[in-house]
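Just so you know, all these numbers are worked out from the coordinates, no wet-lab data involved. Predicted, not measured: the structure shown is a model, and the values here were computed from it. Reconstructed Cβ throughout: ideal geometry from the backbone, glycine too, with neighbour counts over all protein chains shown.
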């Protein structure tokens, strides 16, 4: 975890421009600001890139010391978590908004939604790549960030039948990964695709720390287990190219 003593740094994220290998500046950090806490708070990979704009003096605390501070001064960790909830970069808002289209994530505490957001992993696929196919086990939930994914099946005569085309903001396998069902359809990229995903294994860790989410997922799991037929199609469609347009504007501070 880093603290700026002199100089300034810029924070960059990869959103739509990731397809062109470009980063987007989301904020500038000045003396007294800090960064690098997200990975420790949520046990996740780095979610941004931070670059010094000129000569910069930094103080740093290694992982074991950060965890010691969290264990010794619980209010310190809680304050950092509260501040991450107020982060307002476009990518975080996009993922938050999309997650809240999932029924069992509605009314879940913001802190838990935050954990899910920062636990998601970025992936990039070329045109024609298969994301998953029939008979694979579902253990990942995915959110399409950019591009188009085609859901299709192959008929008995070998002819492919396209069931749906999914775009930015669509969610895939949000229920089937809960019971790790076998997948009954195929998914491929009709153009270059970027997406974010979370493993069921990671979601289990998050739900175990949130009674509200645990109860909601347990209800979904019970419903799925009692179904006569497994889930054949499991996605939430978003045809809007901008999930953000109806999102309430938040104030931004550099």
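Considering the convex hull of the alpha carbon atoms of segment 114-158, report its projected area averaged over all viewing directions, in nm², one decimal. Please report the intermediate quantities before stating the final value.
Values: hull surface 17.6 nm².
Computed as one quarter of the Cα hull surface, the answer is 4.4 nm².
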- [ ] Could you calculate the contour length gain from residue 127 to residue 5, that is, 0.36 nm times the residue separation minus the distance between their Cα atoms, to one decimal place in nm?
- [x] 39.4 nm
Task: Taking 162, 108 and counting other C-beta atoms within 10 Å, the order from fewest to most - done: 162, 108
Task: Debye log10 I(q)/I(0) for segment 89-237, one point scatterer per Cα, at q = 0.10, 0.20 Å⁻¹ - done: -0.34, -1.31
